[in-house]
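The structure appears below as C-alpha cells.
The values are calculated or read from the model by the stated rules, or taken from the named source; none is laboratory data. These numbers were taken from a predicted model, which means no experiment stands behind them. Neighbour counts are summed over all protein chains in view; Cβ atoms, including those assigned to glycine, are modelled from backbone coordinates with ideal geometry. To get the accessible areas, we keep the full protein, side chains included, count just its heavy atoms, and leave off ligands, DNA and RNA. Shrake-Rupley method; radii C 1.70, N 1.55, O 1.52, S 1.80 Å.
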Amino acid sequence: MEYNKVRGKNMHNITLIEGDGIGPEIADAVVKIIDAAGVKINWDRQSAGLDVIEKEGIPLPDRVIESIKKNKIALKAPVTTPIGKGFRSVNVQLRRELDLYANVRPCKNIDGIKTPFNDVDLVVIRENTEDLYTGIERKVDDDTAEGIKLITRKASTRIAEYAFNYAKKMNRKTVWAVSKANICKLTDGLFLECAREVSKKYPNIEYKEILVDALCMQLVQNPSKFDVLVLPNLYGDIVSDLTAGLIGGLGVAQGANIGLEASVYEPVHGSAPDIKGQNLANPSALLMCAIEMLKNIDELEAAKNLEKALFKTIKEGRILTRDLGGSSTTIEFSDEIIRNL
Ligand code: NAI
C-alpha cells in the first residue's frame, strides 16, 4: 500500500471502478460517505464495462489493470456482462489478470433486516480462477457445445490454505469443503483431496465435507450450523447468492477478491439495469465492501464508525431504500448514514 502524508493524515491511493448500471450511483454515494468519515483517499477513478465498450470497443482497458497493480487495492462497483456472444466478463478478466484467487463473502445477520433466521454467521470462500470459468468451451456442431471444468491441485490447495488460514485468523471453528465429488469424481475429487491434505495442518479447526445439493437444502433449513465454506468456482458463485438471500438479499451482501499482489473489493450484486439511473439503488453492499477495505488499510476507527452508522440507519428503519422495505432514494439513505456518523 502506498501512502502519502497529507496534513498529518495518511492519504491512500485507491483505484475506484465505477462500473455501469447502478454502479456510478452507488460509487458516488460511498465516496461521499467515506469522505464524511474523514478518511483521506486519493481515488484513482477508472471506467470499465458497457459505457467503455461504446467509447473504446473494449470493456476493460489496460489502464484499469495498471492502476490496480500500482495501488494494490481497488473498490469496484458492478459491471454488466453482456450475455451470449461478445466480450468476456470484466469480473472474470480482472480476477484472471490479477490472479485474485480467493473470493470471500461474509454473511452475517444485520439487526433491523427481517429474515427467517437471526443467527446466520458464515463465510463463503470461493475459488476464483478455474472450474467452468476458464472459458475453455467450443461449439462441436450446430446442435452441440461443450465446456471444460478445469480443477488443478495448485489452485485447490491454495484456496484450501486460504480458507483454513482465514478460519484460524478469525477464530472460526469449522471449514466445510463443498463439492459434487459423487458425480464429478476426478475434478471435484481432486478438490476434496487437496482440502483434506491441507486440513491435516490445522488440527484445531474441524474439517467437514458436504455435497453442494445437500448444502443448499440445509442452508435454507438451518444455516446457523455452517461456518467457513470453501467451494470450487461455480458452486461458490451460486451458493454465495443463496447465502446473501439468507441475510436480506443482494443489497447488503459484500465481497472481496483477494490475490497475493492486489485485492479488489466488490459487492455480490450486479449492475441492476432494471433500476439504473433512478436513484433507487441500495449502496449498503458497496459500503460494507469499503468498510472491509478500510480495515485492510488500517483505518480501523473510521471503519468502526461507518459500520455503526450504517447499522444504526438500517436498525432505525426510518429511511431505507426500496429493497430493504423502505421508500427512500439512494441519496436520502446515504445522507442519513452521514447524519448517523
Ligand atoms: P443484479 O444483482 O444486478 O440484480 C438482481 C436484482 O436485484 C434486480 O432486481 C436488481 O434491481 C436488484 N438489486 C441488485 N443490486 C441492488 C442494489 N444495490 N439495490 C437495490 N436493488 C438491487 O443481477 P442481474 O440482473 O442478474 O445482473 C445484471 C448484470 O450485472 C449482468 O450483466 C451480470 O452479469 C452483472 N453482474 C455483475 C457483477 C459484478 O460486477 N460483480 C456481479 C453479478 C452480476
Could you check region 310-335 and list, in sequence order, the residues that are more than 14 Å from the ligand (Cβ to nearest atom) and either buried (at least 21 other Cβ atoms within 10 Å of the Cβ) or more than 24 Å from residue 280 (Cα to Cα) (or both)? 313
When region 222-269 is checked residue by residue, the ones that are more than 14 Å from the ligand (Cβ to nearest atom), open to solvent by less than 10 Å² (accessible area, probe 1.4 Å) and farther than 25 Å from residue 324 by Cβ are 228, 229, 230, 231, 232, 262
Scan of region 285-303 for residues that are open to solvent by 10 Å² or more (accessible area, probe 1.4 Å) and either outside the structural domain of residue 269 (by TED's automatic domain parsing) or under 20 Å from residue 247 (Cα atoms) (or both), ordered by number: 288, 292
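State the number of residues belonging to region 81-117 that are at pLDDT below 90 and either touching a Cys at 6+ places or on another chain (Cβ under 8 Å) or open to solvent by 10 Å² or more (accessible area, probe 1.4 Å) (or both).
18
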Flag for residue 17 being within 20 Å of residue 94 (Cα to Cα), surrounded by 19 or more Cβ atoms within 10 Å (Cβ to Cβ) and either touching a Ser or Thr at 6+ places or on another chain (Cβ under 7 Å) or assigned by TED's automatic domain parsing to the domain that holds residue 279 (or both): yes
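Provide a single number: the residues in region 270-284 that are part of a loop (DSSP other than H, G, I, E, B), open to solvent by less than 20 Å² (accessible area, probe 1.4 Å) and among the small types (Gly, Ala, Ser). Steps first, please.
Step one: filter region 270-284 for residues part of a loop (DSSP other than H, G, I, E, B), giving 270-272, 276-283.
When the remaining residues are screened for being open to solvent by less than 20 Å² (accessible area, probe 1.4 Å), the result is 271, 281-283.
Those left that are additionally among the small types (Gly, Ala, Ser): 271, 281.
So the count comes out to 2.
Those residues that are of a type in the set (Lys, Arg) and surrounded by 16 or more Cβ atoms within 10 Å (Cβ to Cβ), I need them from region 172-207; list them, please. First the steps, then the outcome.
Quick first cut of region 172-207, residues of a type in the set (Lys, Arg) only: 172-173, 180, 185, 196, 200-201.
Scanning region 172-207 gives 172, 180.
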Show the residue pairs that are 6+ apart or on different chains and have beta-carbon atoms under 8 Å apart, the first residue being within region 20-35 and near the ligand (Cβ under 9 Å from one of its atoms), the second being among the acidic types (Asp, Glu). 20/51
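Residues are listed down the side, and each one gets a yes or a no for (1) assigned to a helix (DSSP H, G or I); (2) over 20 Å from the mean Cα position of the chain (by Cα); (3) under 17 Å from residue 105 (Cβ atoms):
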| site | (1), (2), (3) |
| --- | --- |
| 159 | yes, no, yes |
| 168 | yes, yes, no |
| 175 | no, no, yes |
| 184 | no, yes, no |
| 198 | yes, yes, no |
| 207 | no, yes, no |
| 239 | yes, no, yes |
Just to be sure I understand, how many residues within region 151-200 are farther than 24 Å from residue 217 by Cβ and among the charged types (D, E, K, R)? 9
